[in-house]
Structure formats: C-alpha cells, structure tokens
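A short worksheet on the structure shown next.
The values are calculated or read from the model by the stated rules, or taken from the named source; none is laboratory data. Treat the numbers as computed from the prediction; the structure is a model and nothing was measured. We place every Cβ from the backbone using ideal geometry, glycine too, and count neighbours over all the protein chains shown.
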Amino acid sequence: MKVTVERAHLLKSLNHVHRVVERRNTIPILSNVLLRAEGGELKLKATDLDLEVSEAIPAMVAEPGATTVPAHMIYDIVRKLQDGAQIELATRNDGATLDLKAGRSKFALQMLPETDFPDLTAGTFGHRFSLSAADLKRLVDRTQFAISTEETRYYLNGIYFHTVEAGGELRFRAVATDGHRLAQAEMVAPHGSEGMPGIIVPRKTVGEIQKLVEDPEAKVGVEVSDSKIRLTFAAAGEGATGAVVLTSKLIDGTFPEYGRVIPQGNDKELKVDRDEFAAAVDRVSTISSERGRAVKLTVGDGRLVLTVVNPDSGSATEELAVEYESDPLDIGFNSRYLLDIAGQLETDTAVFRLADPGSPTLIHDFGQSNALYVLMPMRV
Amino acid sequence: MSSAPSVVRQLSDDTINRIAAGEVIERPASVVKELVENAVDAGAGRVEIVTAGGGKTLIRVTDDGSGMSRDDLALAVERHCTSKLRADDLLDIHTLGFRGEALPSIGAVSRLAIATRHASEPHGWEITLEGGLKGEPRPAGLARGTRVEVRDLFFSTPARLKFLKTERAEAAAITEVVKRLALARPDVRFSLSGADRSALDLPVARGADARLVRIAQVVGADFPDNAVPIDAAREGVELVGYAGLPTYHRAASTWQFLMVNGRPVRDRQLFGALRGAYQDLMRADRHPVVVLDIRLDPHEVDVNVHPTKADVRFREQGLVRGLVVGAIREAMARAGHRASTTVGAATLAAFRTGLGPGLGPDAAPPAGHHQAATTPRGFGRPESPGAAAGRSPSSYGRDPLRPSGGVPREAWDWRVSPFRPDPMDRAQDPADGDPGQSGIDPIPDEPQGDAPLSGFGEAMQAGFAPGFGVSADIRAADPAQDAERAARPLGAARAQLHENYIVSQTRDGFILVDAHAAHERLTYERLKRQRAEAGIPRQMLLVPEIVELPEEDAGRLAAHAGALAEAGLVLEPFGPVAIAVRETPALFKRLDIAGLVRDIADDLADRDASSRLDERINHILSTMACHGSVRTGRRLRPEEMDALLREMEATPNSGQCNHGRPTWVELKLTDIERLFGRS
C-alpha cells in the first residue's frame, strides 16, 4: 500500500474513528485502525467489537492495499504534524512496518495484518429511514442524561428508540431511565420507521452519535436490524467525500413498560421560570456537602421555597414567585436531578405536575409536549 | 409379604457406639475436651493433661475431683449414663457435659483405661475398655480423683485415623481446647505437657481479678493492658469479660473466646455479633481479641444443638446480639482515643534492631497464630516483641533490650538504625533481609501489609534534601498553659515532623501522632454523628425493583423491614417468593439492588441481623472523610496541632484510623531509657 493524503482530511477522519478505540485492549488488533487504499480514497475503520466507525477520505493512491496501525498513536502523530502537510503512507515489503512521511518527519509504525481486523457490518438491516441530524441530536440530548450506569440492569444502559401511536399519529420516541428519573423525547415518525422493532442503543454509541453530528442540516440514514443499528452521517462541509458510518450492536434486552410510571393524574400544576429555578437550586445546594443532596420544595400560594439543611454547616433557603393555585405541598428532590432536568427544558417556563411527596412528579416544557421528564422524590 | 426376609435390624451396641463416637469424637482435641469437662464437672481443683503423638498415641487426664465408686465406674462407660442430668430435664443444665456419650464413645474407638477413687471407697478401682469391649473393674491404688488414659485413639476406625492432621496440628488443637476451658475456670489449675508440645501450666488464679489473671495467662500478658472490661446486663442476660482494643487485632477469629454460662462455644451468630460490634473500627480481614462470657438462665439457651456443644441457640437471639454489640461499642467509645500498648512496643522494636526479636525461639507465635514472626513493627501485633520478651523467661538470655547482650545482631546498633546518616544504603544492606520495604506508609490510608524490618520512613526521608527541618516548632510560649497541656493524655504538641507526624510531650514520655490518620478518623466520626442525627435520605424508585428470593429469605427480609428502612432501604413483600424494593439510600450512586438485597438476606439467614447497609454507608462516609482530611504534606500550625490532640481526646474511637491502624503511639520515658540501656 502506498498513498498520499492531506493532513487536514486524515486528522478529521482519525478524530472521528479513534475515539471508538479503547485505551487498553486485551486483543492487540482492537488498538489499531484499519487503513484501506483503493479507487482514489483512503478508508479508515476502528472498532471495539460493539461499535464500529468508518469513514473515507480523498487520497492519491499509488499502490492499493490495506493494513492496520495503532489508532491513538497515528492520531497523535497526525495531530502534531504541520498544518497543510501532505502525508505519505507506505507499507514496507517486510509486511510489518508502515512508513509515515510528512515533510522532514518520518515515522515507522508497527502493523498488524488487516485480515485479522473484525468486521461488524455483516447482516441485513430490515428497516431503513432517514431523519435530520438536528432531530436525532435532540432525541439523544434530551434523554441521554437519564441513562443508567448500573450494570446489573443492563437493559437500562442505553436509550430505547421505538415508534408508538399517540394522538392519532405515529411518533418516533426515545426513552431513558435509571430507576430514579425518566426522560422521554419524541418526534413525528420518519417515513420508513413504521414497524421497526424497539431497540436499545448503548450508552457509548449514544455518546459517539452526539459527537458525529456536525452539521444539523444534514440527513442521517438509519438502518435497523434485530441486533444492530447503522447510522450514516452524510458528508458535510468542504473537502468531505465519504460519509461517516457508525455500526453498533444493540443491547439485547427488554426495556421495561415505562408507560406505567408516567403519571397521568397529577393535577397540581406549578409554573416557574426555568433559569431562575435552576440557579436557585444550584445556590441552595451549595450548603450541602455530600452526594445525594436533598432540596426541599415548599409550594403554596404563588410561591416556591427551596430549602437545604446540612446539620454540619447550616441551611439555605430561597423563595421564588411561581404560578401555583393548588393545595400547599412539601416535597424533596435530589438537587442534581433537578438541575439535570432543568438543563434539558427548552422553553423559558418549566411546568411541574405534582401529586404528593411520595409519588412521581412530571416535568415538561411549557405548551409543547415533545419531551417530558418524570422524577421520583426523595424522603428526607 | 410375611415370607420376605427381614432386612431391618437393630444395630449392635458396638456399632451404635462407634457411630456416636463419630459425632462426639472428631479428633484428639475432642477427647481432651470431653475428659477435661468431666474433670471440671467432678469438682476438680487441679487438672493435669499429658499427651503424646498429638493425642493419637496417648491422652491422660488426671484430676483430684470427686471420683467414682465401683458401681458408678462400671456404669459410666455404658452409653447414655451420666450423673449430670437431674430429673431428665434437658432444659436445666448446669454442667458442661450431660449427654452421657463421651466415655463409651471414646471407649469404642480407643484403648481406654479409667482409674478412680471415690471418698467412700477404701481404695480405687480401674476399668478398661478396648475397642468397645468392657473389662471388669479391678482394684487400683490411687489418691482421690480420677485418671483417664486414652491410648491408640481411632485404632479401631482406621479411616478416621487417616483424616487426622499432623501431630503438631492436633497437639495445637488440644492446647486450644484446654485454653478455652481454662478461661472459664480460673479457680482450677490446668497443666498440659507431653513430648509433643511445649508445656502449658496455668496455676490457680485467686483474688478479685482472678479472671483477668487467667486471661493474661491464656491470651497473653499484654492483653489486660489492651482490653476494656465489659460488664453489661439486659433483661436477665449478663455479658462479662474483656474486649480487646481495635488496634489489638489478629488475623483469625481463634482469639475470640466466647462462653455461654462458662461453656466455651464457637457460635457463628455470636461471631457475627462481634463483627458487627467492631464493624468500622477494624479492617474487615482482621479480628478482634475478646474473652466474653454470656450468663443467662439455662432455660433461655439450648446447648444441645450439636454433640460437641459448640453451637448454641438462644431463645432471644436478638437480645443477646444487641447486648454484645451494644456493650462492646459502648466500651470502645469509652476507651476513646486509647490505642494498644503493643503499638508502643512495636515502635520500640523498630528503633531497636533490624532483626525482630520475635524471631527468638521462645517468642514463636502460639498455635493458630498467623502472622509471620518476622514483622517487628506490625501494627497491633499482639505478639509484640516487647511483650514476648517480657513473658517468656528463657528469652532473657538474649534479651534484645540489652545492648550488651550476647548476640550482636539483636543489640541496638546505630548502623542498622534508621537514624544512621545515609538512609539510602539501608535498602542495600543484605542483613536487612527484605529490602525495598519502607517503614511508615507514605500514604497512611492505603491498607498495606505490615512492613517487615521497618525503620522510620526512609522512603520519605530519601526524598528530602539534606538539612530538612521540622515542619513546625512549638516552643513553650506560656509555661503555665504548657504544663496543663502536658498533663493531658495526649500531651502538649511540640513539633510536626515530615509534614505529618506530630510529636507531643506528656508527663512521662512522648507521643507520635499520624496527623492524617487521626484527622481522617475525626472527620469520619463527625460524619457518622451527623448521619445518626439527620437520618438517611432515601431516593424513591420510579418502578419498585422486584427481587425474587426463596420464601424463607423473603419472609426474613419482610420481618426486618423496619430496621432496614432506618438504614435507608424500604422494601415490602411482593407475593410469597419476592420482595419489592421501593426506596434506597440516596448516598449510593450506583447500586445493584438485587445483589444487595440477596446479600442482606444471606446475612439474616446466617446471623439473624445484617450490618451490610451500615457498612456500605460507613464506607462511603469514610471515603468522604479521607478526602476531607488533612493530607500528609500539609504543615500544621501549633494551634492546629493542639486542637487536633484535644479533639482526639474527646472523640470516641479516635485511637485507630478507619482501617484499624493506630493513629498515635506512645513511648514512655521508661521505654526510652531502656533503649539507652538505662533500665
């Protein structure tokens, strides 16, 4: 293999794929990135066996071929090379070394044979549809914070995507929960998503999706099978030739019947300015020094009082003007959770629907219902 | 039908005895236990035990008890014959034995000879039993009392013989049994001897503190200094004895001597209670040393659970556990900042020599002792060199405390002292045996094994340029106040060394304080106090977590739901074979609820109580405490040091860090004088 590429192209592409590679691997080839030169382009691919990202960049191919080299190392090298440099990649005849040349810099990298490189793309994807990158990013962003990290309940370690009939139309919905709170975001189902199975996309894949969305105007192609999802991020911006393709295994499990925990009868409606509320929660929780810090909400008669008591250091209270016309109520929440949710709300006014101090609370934007959050109170 | 040959038949007495023997007589130590119990039950004032071949060849137990008449002797070796049970009431047991199984069982598997003389008889009688075959009583000459001789144990059951451990191990097990029995009866003299062992002689202890004297004889001369008396009672149950300080710990639970009405027991539930009592005072892999007797109405306890009577069942299990945990915790809190004296002794050893005096043959750790004898400054090693030297008479000849001693390697020598000029070459000194081990842990909160052949923190010293000084210096500014401070238990702070260790002066010595460890413990105790006052915040779950369990486990969990809720875990029955968890402690970031619940269920099945939740919460608190504490490397101002010492004096459990290591050590003036050979 002998190929010349522009540093900018190679850097951008390595930046996309190298993140997938784990820092420590028991299987050596998983530390490597696959380089394949053919037909005027260089294709890069990296995997951790659950997730694979590949991308092609324009290249001058003098001699087609393929090899693998350590991903993080080549990324660091290319990153430190001069801007605008032309990079030549050539394999030696010994089959063990890749020479990388750029200007006066020369590197010899140890290779591993590309034939050993795992391939995740096999299999047929029965459902195809596309949606805008902005929509996908919104679904992911709104729900990602609620993904559970507790590994024994592995089926909660991702976002549950599925279609559902609601309000007379088909909706494409994302849900995540960690048992303490639940986040749900949805949109009109894109054409072609009807009949797709419910899928759980793992946390790491979710993180990569968030990073790979660069151009919100672009389209993202989605393909779904029973065990995998493939996302094709159309090339965006100048100099891009190939698309970035992400293929990921899905979590093999059943997402719980989450509909039951979304309260329907909460009739005590509280409207509060989102930013004021978040800033106040943040301020009063300063007094608490430990994890699981609880903030007490006392609502009644047009005002909301936030209280945090720390037996060691003192207490804090803050009063906010709110719209509230129901019976007074005291309820405790984990302040961290309140801030997480406030950070997701899109409208300036946050709407809380409360029932009692021992029941789930519903939080959502004002006037629209594309996203909602359920939060379980704390007992203090 | 009636023509079929009968296949069910009554076993012969001989076979029955051998089966019974299998239960009662597991190993030579069980024979010793039965015979010594008999002797004690017979009112002996002196019990003499001789063994050979680890008890396999010979066990002879001689006592000066009441003895037996000829007729009693003949009957005694029959199965289920005993003098100890009145009116066949198994609930009214006042003696150690009562089942009437021991002698025939022993007789069934060995060559047994019993000689005895009752006061009413003109002379003694002797009877033999060989592999179950009983001889006729013959006249024998002996003083009042009984002598039981067991030879060739298990000769008739070769299979059992094969499974015995080495002579040494069996001999050690016998010692263990005798010690346990001796602890309960300071009024009886026990002597144990034989070619297969080092002799043990426990003279009668008299006076008000007879019990403590006996304990010192058995557990170690340094134990009384490192233990707090326990004397508590609740609803008719009494708990008396001594509990070792948390810094005085061992690697196995064999040094936990538990008795129920004077009967030595090894009961899992009681061990569990001890674990609970010392829960956050000690690392999980270390064990406290205790001698405790639980006294209660014999009707309230069933000792007839197992033929060897090691297990017991209390009618009020929860009450007994609560008493044990409560009394020890209360006593430890009272002991406050005390750390064990062995720590000081270990420190001295570190000053003294590179070769641990513990290597002396007489200081060899007793059986069942598990720490290498080559660790002169193992924290809290009860078999500390100073103590060992002090109580084994034959070690005087090579007393390492004397610089003029005959063995130069063991004398104080500045060349092997950590204070010699160049710290670096110490690691290369081949005589050090184990190079590369530093003395004092540079990071005190990392649990580490005891560093062998330690000095005084060479690793840390090596990092300093020559000419480093004290980190802080307190000259007595106000003499009056200073005198007052020096009179306090932890003295007046004088300086801080190596940016961690506080040196303080007391009236009769000086004290080194590990400032990081001490402050960590103080922070931890404060966090615990806050927790106790404020309660444990609970996060409710969106969906109750359903955990499937066996019906008994689910039932037990449901029965303990109240206590678990206090600790932050709210659960309720969910059908017969599952429980639903509704709320969990908010402190836990990630929690495997099902795993936790199953672990708690196991604890409940095992010991009828679980401290697991508390332990996990305390673990989080202790991590927080560690992060919130003064680090090594921080220079403390004089006022800060004194404040730390005063707070340590006022705070319970401040004598050890969260891992059971001491937070301070004391060197008495007398110790220091001995270092210089001025004693």
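Worth pointing out:
- Checking each residue in segment A:301-323 for being more than 14 Å from chain B (Cβ to nearest Cβ) and in a strand (DSSP E or B) picks out A:R303, A:L304, A:V305, A:L306, A:A316, A:T317, A:E318, A:E319, A:L320, A:A321, A:E323.
- Any hit, segment A:336-358, residues being over 19 Å from A:I262 (Cα atoms), within 22 Å of the chain's Cα centre (by Cα) and within 14 Å of chain B (Cβ to nearest Cβ): yes
- Cβ pairs under 9 Å, 6+ apart, first in segment B:259-271 and over 12 Å from B:V240 (Cβ atoms) and of a type in the set (S, T, N, Q), second at pLDDT below 85 and assigned to a helix (DSSP H, G or I): B:Q269/B:Q317; B:Q269/B:D606; B:Q269/B:R607
- Some residue of segment B:560-573 being more than 27 Å from B:M624 (Cβ to Cβ) and of a type in the set (D, E): yes
- Single condition A:T298 does not satisfy, out of (1) of a type in the set (S, T, N, Q); (2) within 14 Å of another protein chain (Cβ to nearest Cβ); (3) farther than 26 Å from B:L527 by Cβ: (2)
- Strands (runs of 3 or more DSSP E) within segment A:33-139 that include 1 or more residues more than 26 Å from A:V220 (Cα to Cα) and of a type in the set (D, E): A:60-63, A:86-91, A:97-102
- Scanning segment A:359-380 for residues that are hydrophobic (A, V, I, L, M, F, W, C) and not in a loop (DSSP other than H, G, I, E, B), we see that the one that is farthest from the chain's Cα centre (by Cα) is A:M378.
- Single match in A:E257, A:E276 (criterion: more than 14 Å from chain B (Cβ to nearest Cβ) and either in contact with a helix residue (DSSP H, G or I) (Cβ under 6 Å, 6 or more places away or on another chain) or of a type outside the set (S, T, Y) (or both)): A:E276
- Being aromatic (F, W, Y), more than 14 Å from chain B (Cβ to nearest Cβ) and either at negative phi or touching a His at 6+ places or on another chain (Cβ under 8 Å) (or both) is a property that A:F333 lacks.
- Some residue of segment B:169-187 being under 17 Å from B:T62 (Cα atoms), surrounded by fewer than 17 Cβ atoms within 10 Å (Cβ to Cβ), modelled with pLDDT of 85 or more and of a type in the set (D, E, K, R): yes
- Pair list, Cβ under 6 Å, 6 or more apart: segment B:524-539 residue more than 7 Å from every other protein chain (Cβ to nearest Cβ) and in contact (Cβ under 8 Å) with a residue 12 or more places away in the chain, other residue surrounded by fewer than 20 Cβ atoms within 10 Å (Cβ to Cβ) and among the β-branched types (V, I, T): B:E525/B:T651
- Residue within segment B:540-553 that is crowded, with 17+ Cβ neighbours inside 10 Å and away from every other protein chain (no Cβ under 14 Å) present: yes
- Residue in segment A:235-252 that is within 14 Å of chain B (Cβ to nearest Cβ), part of a loop (DSSP other than H, G, I, E, B), within 24 Å of the chain's Cα centre (by Cα) and touching a residue at least 12 places away in the same chain (Cβ under 8 Å) present: no
- Only one of the numbered conditions (1) surrounded by fewer than 20 Cβ atoms within 10 Å (Cβ to Cβ); (2) under 24 Å from B:R616 (Cα atoms) is not met by B:L281, and that is (1).
- Taking segment B:509-590 as the region of interest, the strands (runs of 3 or more DSSP E) fully inside it that hold 2 or more residues being in the same structural domain as B:L621 (by the TED database) and more than 31 Å from the chain's Cα centre (by Cα) are B:538-548, B:570-573, B:578-585.
To keep it simple, each residue is scored yes or no on (1) outside any helix (DSSP H, G or I); (2) farther than 29 Å from B:L58 by Cα.
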{"position": "B:D196", "(1), (2)": "yes, no"}
{"position": "B:G207", "(1), (2)": "yes, yes"}
{"position": "B:V218", "(1), (2)": "no, no"}
{"position": "B:P264", "(1), (2)": "yes, no"}
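- The residues of segment B:622-679 include none that are buried (at least 21 other Cβ atoms within 10 Å of the Cβ), among the acidic types (D, E) and within 14 Å of B:E520 (Cα to Cα).
- The single condition from (1) closer than 27 Å to B:V303 by Cβ; (2) assigned to a loop (DSSP other than H, G, I, E, B); (3) free of Cβ contacts under 8 Å to residues at least 40 places away in the same chain that B:A182 fails is (2).
- Whenever a residue of segment A:10-28 is hydroxyl-bearing (S, T, Y), its partners that are not in a helix (DSSP H, G or I), lying with C-beta atoms within less than 7 angstrom and at least six residues away or across chains, give the pairs A:S13/A:L44; A:S13/A:E55; A:S13/A:I57.
- Just one of (1) over 30 Å from A:N370 (Cβ atoms); (2) in contact (Cβ under 8 Å) with a residue 40 or more places away in the chain; (3) within 14 Å of another protein chain (Cβ to nearest Cβ) fails for A:G123. It is (3).
- Taking residues in segment B:563-588 that are at positive phi, and partners anywhere that are in a helix (DSSP H, G or I) and β-branched (V, I, T), the pairs with Cβ atoms closer than 9 Å and at least 6 places apart or on different chains are B:G568/B:I617.
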